[in-house]
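A.B. asks: Just dropping this structure here.
Here, each number is a calculation from the coordinates, and none is a lab measurement. Because the structure is predicted, anything quoted here is derived from the model rather than measured. Cβ coordinates were reconstructed from backbone atoms using ideal geometry, including for glycine residues, and neighbour counts include every protein chain displayed.
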Amino acid sequence: MSGQDLSRLKIDKSAIQFRQAKRGRRFLAALAAFLLLVLALYISGVFSRTYTVHVSSVALMYPSQALSVLSASGYVVAQKKSAVSSKITGKLESLMVEEGSKVRKGQVIARLDDLDLIAAKEQAEANLKTARFNLDEAQAGLYDARLSFKRNSELLKKNLIARADYDTSFANYRKALAGVDAAKAVIAADEAAVRYAIVQLGYTYIRAPFDAVVLTKNADIGDIITPIGAASNVQASVVTIADMNSLQIEADVSESGIEKIWKGQPCDIELDALPGIHFPGKVHMIVPTADKTKATVTVKVKFLKKDQRVLPEMSARVNFLSRAVAPGEEKPRVVIDPASLVIKKKDGGAAVFLMREGRAIDTTVVTDGQMGGMLIIKRGVKPGDTVVVNPPSGLKNGSKIEPAT
């Protein structure tokens, strides 16, 4: 074997060293990527502790709620309400209103069929006309009888006629006087009959007894309206109306709490149909009787401000207050549980931990005293936010949290 061949059998150490260096660089790159991943996961909190915490919601609270000494539920009731009907029986000919219509006192809201009453009125007027003709005839007869009686009286004094003729003329005169009186009496009766017919005809026009709003329509055109709706095919009333200015809350107060209520006591009214709106009111009356089945006393509460959105039969809740709401206390305040507040050690500022997407968010807040056992917050949180109550030691910004069940 030649020297040239032996040189070919030598191991190329530079190639081996290059491959080893290349593998070392790959390992280091993989190790660096792994460490970066671990660092990223650590920073993101994957390996951090999860705290189980108690939470509560940031809420709105009205100052009146802190002044409440007793609460009761009830309903809006119109104190001036009427089921409008007619004094006579008849078929409903026309109806001029519908639900929600505003009516004034004396306004015609419906009319009954009046053909038979018009005929009765015309008959009464005809009878009256006949009675007046009869009176004219009776007065003419009286005039003739008076002349005959006077003439016979003069003749009797001169003994020119018999006594019997005088007596006959006197009787005819008295009869004529009675005939005139009878005719006048018939006229009075017929005049009364005409007035009665006019009144009956007026009853066909159904009028509103006071200013009100139509709540329900109880009859349709063609229905028979009668003061006493005893039959299944008749109606006792045409519409039901209510004076919306007479709306009050009738609340049932337990007998054990009635001692906390007095006439004129300020109240705060909430309606289920109008959430978030508070109406000022005051106690108008404590009904002097109790319901033994419910052990309650009815208390009537008057609205101090009218609102067209308030309707009869709406359910309501009344808070009876220890004092009237002062100016500036009408608006709600943002409040939290006082146990949520954290005092920072560095600057002594106030903060809370908000819960957002499973994380504790350190949030600075500005407080404004307490109300009804709750802490008033001026800035930093808003209603609906969730705050951590009694934050555990070690909890910090970004910590993983979950609400306790």
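A.B. asks: Calculated FRET efficiency, ASP116 and ALA236, Cβ-Cβ r, R0 22 Å, to nearest 0.05?
C.D. replies: 0.60
A.B. asks: Report the full-extension gain for the segment ASP220 to GLU313: residue separation times 0.36 nm, less the Cα-Cα distance, to one decimal in nm. Intermediate results must be reported in sequence, preceding the final value.
C.D. replies: Values: separation 93, 0.36 × 93 = 33.48 nm, distance 2.39 nm.
Between ASP220 and GLU313, full extension yields an extra 31.1 nm.
A.B. asks: Just to confirm the number: angle between the C-alpha axis of helix 13-44 and the first principal axis of the chain, 0 to 90 degrees, nearest 10?
C.D. replies: Compared with the principal axis, the helix lies near 30 degrees.
A.B. asks: Now for a different question. In degrees from 0 to 90, rounded to the nearest 10, what is the angle of the helix 115-157 Cα long axis to the longest principal axis of the chain?
C.D. replies: 20 degrees
A.B. asks: Follow-up. Note down the net charge around ASP272, summing +1 for each Lys or Arg and -1 for each Asp or Glu among other residues with Cβ under 13 Å from its Cβ.
C.D. replies: On the way: positive: ARG309, ARG317; negative: GLU270, GLU313.
Surrounding charge for ASP272 is 0.
A.B. asks: Now for a different question. Taking 0.36 nm per intervening residue step and subtracting the Cα-Cα distance, what contour gain separates ALA404 from THR50 on full extension?
C.D. replies: 126.3 nm
A.B. asks: Calculated FRET efficiency, LYS87 and VAL287, Cβ-Cβ r, R0 22 Å, to nearest 0.05?
C.D. replies: Computed FRET efficiency for LYS87 and VAL287 comes out at 0.10.
A.B. asks: Continuing with this model, one more query. Setting aside same-chain residues fewer than 8 positions from LYS150, which aspartates and glutamates have a Cα under 17 Å from its Cα?
C.D. replies: Of all the aspartates and glutamates, those that pass the test against LYS150 - Cα under 17 Å, at least 8 places apart if same chain - are ASP165, ASP167.
A.B. asks: Calculate how steeply helix 163-202 sits against the longest principal axis of the alpha-carbon atoms of the chain, using the helix alpha-carbon long axis, and give the answer as 0 to 90 degrees to the nearest 10.
C.D. replies: That helix lies at roughly 10 degrees to the long axis.
A.B. asks: Another question, if that's okay. So which residue, out of ALA162, ALA192, ALA339, gets the largest mean-square fluctuation from a GNM of the chain using Cα contacts under 10 Å as springs?
C.D. replies: Among ALA162, ALA192, ALA339, the largest GNM mean-square fluctuation belongs to ALA162.
A.B. asks: Divide by every residue of the chain the summed helix terms, -39500 (n - 2.57) for each DSSP H run of at least 4, and state the resulting mean residue ellipticity at 222 nm, rounded to the nearest 500 deg cm²/dmol.
C.D. replies: Calculated at 222 nm, the ellipticity per residue is -11000 deg cm²/dmol.
A.B. asks: Counting other Cβ atoms within 10 Å, which trypsin sites (Lys or Arg not before Pro) in region 262-294 have at most 13 and lie in a DSSP loop?
C.D. replies: Hits after loop and neighbour filter: LYS263, LYS292, LYS294.
A.B. asks: Would you give the gap between the C-alpha center of region 232-270 and the C-alpha center of region 79-152, rounded to a whole Å?
C.D. replies: Spelled out, the Cα-based centre of one part sits 42 Å from the other.
A.B. asks: Along its principal axes, what span do the Cα atoms of the chain show, with the longest given first and each in whole Å?
C.D. replies: The Cα atoms of the chain stretch 208, 66, 38 Å along their principal axes.
A.B. asks: Let me ask something else about it. What list of whole percents do you get for P(r) of region 265-405, with Cα-Cα distances grouped in 10 Å bins up to the one holding the largest distance?
C.D. replies: 9, 29, 22, 19, 15, 5, 0
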